[in-house]
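No lab work stands behind these numbers, since they all come straight from the coordinates. Note that this is a predicted model, so its numbers are computed, not measured. Neighbour counts run over all protein chains shown; Cβ positions are idealised from the backbone, glycine included.
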Amino acid sequence: MANTSKLEDKTNKSDKDPGRQVLKIRDLHTQFSTPDGVVKAVDGVSFDVIEGKTVGIVGESGCGKSVLARSVLQLIEHPGRIVGGEVLYHQYAEGEETAGQNDILGLPPGGSEIRSIRGGHISMIFQEPMSSFSPVHTIGNQMVEALRLHKPISKDEANEQAVDWLQRVGMPNPSERIRAYPHELSGGQLQRAMIALALSTNPSVLIADEPTTGLDVTTQAQILELLGSLQAEHGMAMIFITHDLGVIAEIADDVLVMYLGRVVEEASVTQLFQSPQHPYTKALFTSMPGTGEIKDNRLPTIKGSVPEPHSRPMGCFFHPRCDSFMPGTCDRAEPELLAVNGQQKASCFLYTEGEN
């Protein structure tokens with residue numbers, strides 16, 4: 001189970017310092033046209049990202065987490081397209097409490113304005129390390145180019161900073177690895193290089209899509225500690241996507257649980273671990289090592305599988321897999337995301353607003 005003292009510390013910190021909003025996502029919709037029909041990969045998602053805080057996003061594969069992350073920066077490729085919603089980035093000048101506002105979805109996808117935001121103000125660690133690098137340029141060349149694009153520094157200064165960042169993320173022999181091409185690095189080394197590239201520009205917001213996948217436990221702990229220290233030092237905000245609830249307990253302040261493109265539960269990390277409300281969230285916890293009841297040396301699993309996204313069930317999308325399924329209710333209408341426990345929200349017919 002999660003470290004209780006850490007969860008309490010996060011609650012106390014949140015109560016004392018709500019922080020400034022840096023990203024505002026409202027009613028975001030991203031769809032893909034396929035021969036089998038329209039896939040609503042992100043279907044009406046809304047949340048805020050606060051300076052110095054982390055929003056964790058969890059859910060099984062195919063629930064829309066990565067598409068949501070890419071939508072924030074207009075990185076959706078054909079046949080996908082963002083069909084509605086707002087993504088507002090609030091940019092604060094040093095010493096100023098009011099912010100300039102950038103409507104990211106209103107910017108031309110290939111224009112200079114959004115390019116200055118991507119990688120500079122908002123960086124992303126992609127799920128596949130190879131997608132972050134050109135195969136025909138060295139790691140060093142690509143890091144130096146990114147640093148000089150967003151910082152007024154010389155090539156030598158950029159090279160020094162690139163080596164330093166590679167060292168900070170645990171890259172062995174960083175002064176040598178900086179001259180390597182992507183294919184010359186192992187998967188773990190490439191993952192470290194990608195994390196170093198994303199962090200090197202000191203972004204205001206970091207979007208991390210499964211950033212520690214494929215890393216050993218020691219390096220994973222090192223990366224999470226580094227991200228935490230950068231938040232404390234620079235007030236960096238994060239959107240952190242993972243299937244690992246243990247990592248969420250370590251790093252997140254607030255959590256969104258996604259299922260088939262929608263948020264089915266929204267809570268502080270403390271609320272989520274102490275009192276999960278949605279049956280899907282409860283099932284995720286039950287199947288988590290250390291929290292589930294092990295029988296015959298096996299953890300319980302969530303029955304069934306995530307439905308094909310182009311043929312979502314009628315009513316509540318989770319009802320075919322839900323132990324609390326109520327015939328005639330759950331299979332007829334879609335539940336709204338309502339407050340059920342203070343600021344905690346869940347999308348389930350087990351609750352009416354304000355109840356838990």
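Summary of computed values
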{"read-out": "Dipole-positive endmost among Pro172, Gln191, Gln142 within the stretch 130-202 (Cβ charges, Cα centre)", "value": "Gln191"}
{"read-out": "Segment Glu336-Ser305, length gained on full extension (0.36 nm per residue, minus Cα span)", "value": "8.9 nm"}
{"read-out": "Estimated dipole of the stretch 130-202 in Debye, rounded to 20 [Cβ of Lys and Arg +1, of Asp and Glu -1, Cα centre]", "value": "120"}
{"read-out": "Taking the convex hull of Cα positions in the stretch 100-171, its mean projected area over all directions (nm²)", "value": "6.2"}
{"read-out": "For the stretch 137-148, 3J(HN,Hα) per residue [Karplus equation, 6.51 cos²θ - 1.76 cosθ + 1.60, θ = phi - 60°, Hz, x = Gly/Pro]", "value": "10, 5, 4, x, 4, 6, 5, 4, 4, 5, 4, 6"}
{"read-out": "Ranking of Phe32, Phe318 by count of other Cβ atoms within 10 Å, fewest first", "value": "Phe32, Phe318"}
{"read-out": "In sequence order, calculated HN-Hα J values of the stretch 224-230 (Karplus, 6.51, -1.76, 1.60; Hz; x Gly/Pro)", "value": "5, 5, 5, 4, x, 5, 5"}
{"read-out": "Among 196-206, 163-173, 72-82, the order from most to least packed when residues are scored by Cβ within 10 Å on average", "value": "196-206, 163-173, 72-82"}
{"read-out": "Value of relative contact order over the chain, rounded to a whole percent, pairs C-alpha under 8 Å and six or more apart", "value": "20"}
{"read-out": "Loop GluC sites (Glu not before Pro), the stretch 189-269 (other Cβ atoms within 10 Å of the site Cβ: 16 or fewer; DSSP)", "value": "none"}
{"read-out": "For peptides 140-153, 105-118, sequence by mean Cβ density within 10 Å, most packed first", "value": "140-153, 105-118"}
{"read-out": "Share antiparallel - DSSP beta bridges, the chain, percent rounded to 5", "value": "65"}
{"read-out": "Highest-fluctuation residue, Asp103, Asp209, Asp253 considered, GNM on the chain with Cα pairs under 10 Å", "value": "Asp103"}
{"read-out": "Which listed pairs, of Lys53/Lys151; Lys65/Lys303; Lys151/Lys345; Lys53/Lys345; Lys24/Lys155; Lys65/Lys155, have C-alpha distances above 29 Å, in listed order", "value": "Lys151/Lys345; Lys24/Lys155; Lys65/Lys155"}
{"read-out": "Dipole magnitude of the chain about its Cα centre (Cβ charges: Lys, Arg +1; Asp, Glu -1), debye to nearest 20", "value": "520"}
{"read-out": "Estimated distance in nm for a label pair at Gln343 and Tyr92, the labels positioned 7 Å out from Cα along Cα-to-Cβ", "value": "1.6"}
{"read-out": "Normalised contact order of the stretch 130-202, rounded percent, pairs of Cα under 8 Å and 6 or more residues apart", "value": "42"}
{"read-out": "222 nm mean residue ellipticity, helices alone, for the chain (DSSP H n ≥ 4; -39,500 (n - 2.57); rounded to 500)", "value": "-9000 deg cm²/dmol"}
